[in-house]
Amino acid sequence: MRDEQIGGLRTRILGGTDGKGGGRDPLVILLHGFGASGDDLVSLADALTVPAGTRFVFPEGPLSLSFGPSAARAWWLIDMARVAADRAAGRARDLSNEMPRGLAPIRETMLAFLKEVEQKLGADPRKTLIGGFSQGAMLSCDALLHTDRPYAGLIQLSGTLLASQEWVPLLQKRKGLPVFQSHGKQDELLPHEGAERLRDTLIHAGLPVEWHSFRGGHEIPRSVLQRLGPFITKVVTKT
């Protein structure tokens with residue numbers, strides 16, 4: 001693994017011909033969730049069964065949180081008091097019509113990051129998948145909708161529909177893009193219903209969704225990884 005700055009973000013790079021992202025093989029870019037460390041998803045590179053030489057890129061959120069572990073990072077800030085109040089009152093979180101204050105700035109950062117990844121790593125967007133977990137899933141979807149680069153696929157692990165008034169019109173230009181989506185039925189942070197709304201919105205716009213609902217919470221279980229590997233393989237090896 002190598003660790004470097006790309007687009008202003010600390011980034012871990014694995015796989016490839018040298019274990020450090022070398023070569024011209026397919027690329028998988030995964031964004032961690034809110035409150036996780038920058039290396040939170042790095043272990044997925046070894047856990048997924050994908051074609052030899054596949055490269056993995058894990059950028060780190062630019063915001064350091066003042067609570068939780070010292071390494072806790074985020075892409076934008078969340079009103080945790082509101083989250084706690086909603087949970088205490090038994091209210092399901094519906095973010096489908098929300099536009100987080102920090103989304104637009106971090107979107108620009110992510111678009112610059114994706115452009116530099118393509119240049120530095122010689123990544124062919126037609127062999128590149130982007131995605132993430134939770135907040136990272138939301139950001140990856142938002143970024144993909146705000147670029148015209150011909151990415152190979154989108155990965156949504158425990159994500160949800162966000163900013164629907166902006167996303168829905170933009171989805172039309174992504175018709176046919178393969179999507180992998182998973183969500184826990186007992187997820188208390190991002191309710192299963194929100195993921196279903198995202199799934200249905202994607203399908204309605206013409207994006208084929210490989211949907212995996214599992215018995216569990218806000219997590220990435222082994223059963224999901226066992227299905228994600230073949231999805232990546234299918235997408236990057238298609239002609």
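None of the figures in this text is laboratory data; all of them are computed from the coordinates on show. Just so you know, these numbers come straight off a predicted model, no measurement behind them. Positions of Cβ are backbone-derived with ideal geometry, glycine not excepted, and every protein chain shown enters the neighbour counts.
How much length, in nm to one decimal, is gained on full extension between ARG87 and GLN165, taken as 0.36 nm per residue of separation minus their Cα-Cα distance?
Values: separation 78, 0.36 × 78 = 28.08 nm, distance 2.56 nm.
So the chain would gain 25.5 nm between ARG87 and GLN165.
Rounded to the nearest 20 debye, what is the charge dipole size of the chain about its Cα centre when +1 sits on each Lys and Arg Cβ and -1 on each Asp and Glu Cβ? Provide the component values of the computation, followed by the final result.
Values: 29 positive and 26 negative charges, 100 e Å.
For this selection, approximately 480 debye.
Quick check on the range 2-237: of the DSSP beta bridges with both residues there, what percent are antiparallel, nearest 5%? Let's see the in-between values first.
Values: 13 of 38 bridges.
In the range 2-237, approximately 35 percent of DSSP beta bridges are antiparallel ones.
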Among beta bridges that DSSP assigns inside the range 1-135, antiparallel share in %, nearest 5: 55
Among ALA72, ALA123, LEU103, which residue has its Cα furthest toward the positive end of the charge dipole of the chain, with +1 on Lys/Arg Cβ and -1 on Asp/Glu Cβ? ALA123
May I ask which residue of GLY206, ALA36, GLY136 lies farthest towards the positive end of the charge dipole of the chain, with charges of +1 (Lys, Arg) and -1 (Asp, Glu) on Cβ and the Cα centre as origin? GLY206
Principal axis dimensions, largest first and in whole angstrom, of the chain by Cα: 52, 40, 32
Selection from GLY159, PRO178, GLY90 lying farthest towards where the dipole of the range 78-233 points positive, charges on Cβ: PRO178
Over the range 106-239, the quotient of the Cα radius of gyration and 2.2 N^0.38 Å is 1.00
Restricting to DSSP loop positions (anything but H, G, I, E, B) with no more than 10 other Cβ atoms inside 10 Å of their own Cβ, which trypsin sites (Lys or Arg not before Pro) remain in the range 12-116? ARG101
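Give me the Å³ per residue figure for the convex hull around the C-alpha atoms of the range 83-177. Before the final figure, lay out the partial values.
On the way: hull volume 9.9 nm³, N = 95.
Value for the range 83-177: 104 Å³ per residue.
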Based on a Kirkwood Rh over C-alpha pairs, give the Stokes-Einstein translational diffusion coefficient of the range 60-138 at 10 °C and viscosity 1.306 mPa s in µm²/s. 106
